[in-house]
Every structure is written in structure tokens, then in C-alpha cells.
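Notes for the one structure printed next.
The values are calculated or read from the model by the stated rules, or taken from the named source; none is laboratory data. Bear in mind that the values here come from a model prediction, so they are computed numbers and not experimental data. When the accessible area is computed, the model is the full protein with side chains, heavy atoms only, and any ligands, DNA or RNA have been set aside. Shrake-Rupley method; radii C 1.70, N 1.55, O 1.52, S 1.80 Å.
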Amino acid sequence: MEKKDNYISQELFDISIEDFDALDGVHEFSDKYKNNKKELIKEYRKSVCNSSFKKYKKAAAAAAVLLIISVPVITNAATGGEFFNRIWGNEGKGVEYGEPYSEYLYDDEKGTSCKITYPKSEYENTDPEKAEELIGDNISYNPVDLKIGDTKLSVLSFVHDGNAAVAEFTLEKKGGVDVLEYNKSYNRSKGAAFSGNAKFYFNFDEYDGKIFVDIDKSSEDKVYCYYYMTCQYQENTDSVTLNIEEYPCTNDELYAAEGIQYEKYISEIKYNSVPVPVSDKAEKTVFTNAKNGIAEVSPLSVKIDMKKGLGLYNDEAYDPYSAYYVSINYKNGKKYIVHEHEMDGIHQCGTEIDNTSYACGDIDGNFTLVFNRLVDTDNIQSVTVNETEYILK
């Protein structure tokens, strides 16, 4: 469901309440804490009106998901390079995605508005032969087709490097796909959101990211999406886990429910997990600064250890905003400015730039930026973060 521009809701918050108390180790919370948390989650969800997948590991009723067997396809070969250019190139990215611009977004319920200024984003044409050379062996073209209610979800391809990943998927429904809310402004900011009409939610286990909807390619009954993600932890396995949460009602009805009705809805939520085949990880190259701080670079992403060599205080190292300038410097003298923003008294720039598809920090002080193009790591001279240079280890 394409959502009209000039609207803002609070799904722009960066962290879910479920993630707030997540622990790496095993810990058993008291029943009182669990009950209080459940009520807090309920109030939080109703206030932000945005679905967030609950990472429950306990046994639950299986969702009514029909797995449809599909044969592997070679997407890029069948489209003459369109596959690479739509996900990592400039196809489907009109001029409105390029130069910076401002718009007013309105909250109809509160009767308020705010001005949003988007940074400049630069997209390049992708050479399909070079793309095949860089990541061709790392892309899994093993479609996973799922029937969830009256909607078909198809994961068409998946590629990852251990720090980041990109998945291509489609949603199909006769009469119109209504699972997602999306428009060009959503694509430029936080990505598509699960709509109030949605009766299910899905994500990839251990991944967080942004869904870009290819509006030019999509139709009312079929939506093409690219899921740009960062990874919290990825084992060396031949699959990743797609988590599905199916509701007995719509999101809006769940948020509006109270008391017994709310508890009934919660008890009827069904969960399922489906393996999605993956190929080998894309190779990463390690660059270091003078203090042994690391920047891991693959054709897909760069992961920066913000704690070493950047002169940041402890709290600053855990704030991704502290990385005000990140660039990949090639051996031929050209630069790929991945991200640049002004920082009062520290860094000024004529135009702020965001050439990422998604970016996210983690609790260990690392900052991962998913590229909006493919990077040839063999031709990198150095990496610059703020004023610090990283060279090949």
C-alpha cells in the first residue's frame, strides 16, 4: 500500500522496547517483570503504531504458512544486469533520490508539522560483469515462496558478508498489497513500514534493516522490495532464518484492543521460522588505523570499530553520529564518500551526503554502513573515518 507523502508517524524511532533489555547471556526474569514488560510493550506499541517482531525463543503455535517449492533462478542472467542495477545501481532511483531537498511532513492526529531535509544521495550505474566478479558467487538464487493468509511472500535472493546483507523479495496479493506502507519519502528515510492493515510481520533473525520498495517496478498487486540489513551475529551456516509472526487481526485492531480482548489476540499470535538458503559470505578486507582500530570492508559494507583511534570519548564511540565523515579512497585517486554530515565546531560541509542503503551501530561500539553501490576492495588505497586514515593491514 503506497502511502501518500506529507505524513509522518512515529515509526522513525530507532530502537524497539523489546531490544532494550536484550542480553547476550541466559537470564531468567521474574514473572512480575515479565508482566510489567508486557504491559509496557502494549502501551509502547499503541503509542508508536509500528509493529516490532518479538524475538521469542519459547515454543509457540506454528503460523499457517504454506511453503511453496521453487526452482533456483539466475536473476541477473535473465534480466541483462537489471538485478544488480536495481539493488546497487541507479535504476529505480529517480532524480528525487539524488539532490538534497526539504519537505514538510504532517501528523494529522496531532495537527503538527515539521520540516525534513534529506541529504544528497549519489547513485552509479553498475557494470554487471564487474558485479558478477565481486559478489556473483556469494548470491543465493534459491527462491523461498510462502503463502501467508492471502499474501504471497517470495524471497528471491540473498547475499551477505557477516556484517551486512541484502535480500530481494516480493509481496503479492490480488486486489492490492496492503502489508506495507511506502512512498519515496519512506525510501529516503527509514524505509517501508508494516501497515495498520497488515496481519503478519516478518524479519531475518539477528538482522535489522531498511526495506526499499522499488516503486517504478511495482504494481498494485505485486511489490518489489530490497531489504538492506546489518547483522548482529551470523554463524557459518548454509541458511538464515526468516521469522514470521501472524496475527489473528490487523495491526490497528491489535493496538486498539484492551484487557481481555488484547490478551486473547496475544495468545492467538502464531509464530514460524523458515530457513532461507545462503551462499558463502562475501570476502572482507581489514584496514587499520594507527591505534589498531579496525575497518572491515567488503563489496557490500564497511564495519568500523569506533572505540579505537578516533579520539572519541566512551559515550561518543557508541553514538554512530560521531562518524561525521566516512570515505573509501581508491588507488586511482577517486573517493566514494559513504556518509558526511556537519558537526558543530568540528566539521563543516557544503552539502550533507548519505550514500548508504542502511547504517546502524551496535552495543559493542561498532558502526556498520551498507553501501548503495558495490565496492571493489582490491582497488582500495585507504579508508577515512573523520580525520583518521585506515590502511591495509
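Please work out how much length the chain gains when fully extended from E172 to D216, using 0.36 nm per residue of separation minus the C-alpha to C-alpha distance, in nm with one decimal. Gain on extension, E172 to D216, equals 14.3 nm.
Just report the Cα centroid separation between region 256-312 and region 133-196, whole Å. If we compute the Cα centre of each part, the gap is 16 Å.
From the Cα trace of region 218-363, what convex hull volume per residue do you get, rounded to a whole Å³?
248 Å³
Does region 264-334 come out rounded, prolate or oblate by the C-alpha gyration tensor, with a ≥ b ≥ c the root eigenvalues, rounded set by a/c under 1.5 and, if not, prolate when a/b is larger than b/c and oblate if not? In terms of gyration-tensor shape, oblate. Shape call for region 120-260 from the C-alpha gyration tensor, a ≥ b ≥ c root eigenvalues: rounded (a/c under 1.5), prolate (a/b greater than b/c) or oblate? It is prolate, given that a/c is not under 1.5 and a/b is the larger ratio.
Computed in the context of the full set of protein chains, the accessible area of region 120-217 at 1.4 Å probe radius has 37% of its extent on carbon or sulfur. For region 291-377, what does the alpha-carbon gyration tensor say about shape, rounded, prolate or oblate, given a ≥ b ≥ c as the root eigenvalues, a/c under 1.5 as rounded, and a/b over b/c as prolate? Because a/c hits 1.5 or more and a/b fails to exceed b/c, region 291-377 counts as oblate. Residue ranking by accessible heavy-atom surface, 1.4 Å probe, largest first, among D280, D354 comes out as D280, D354.
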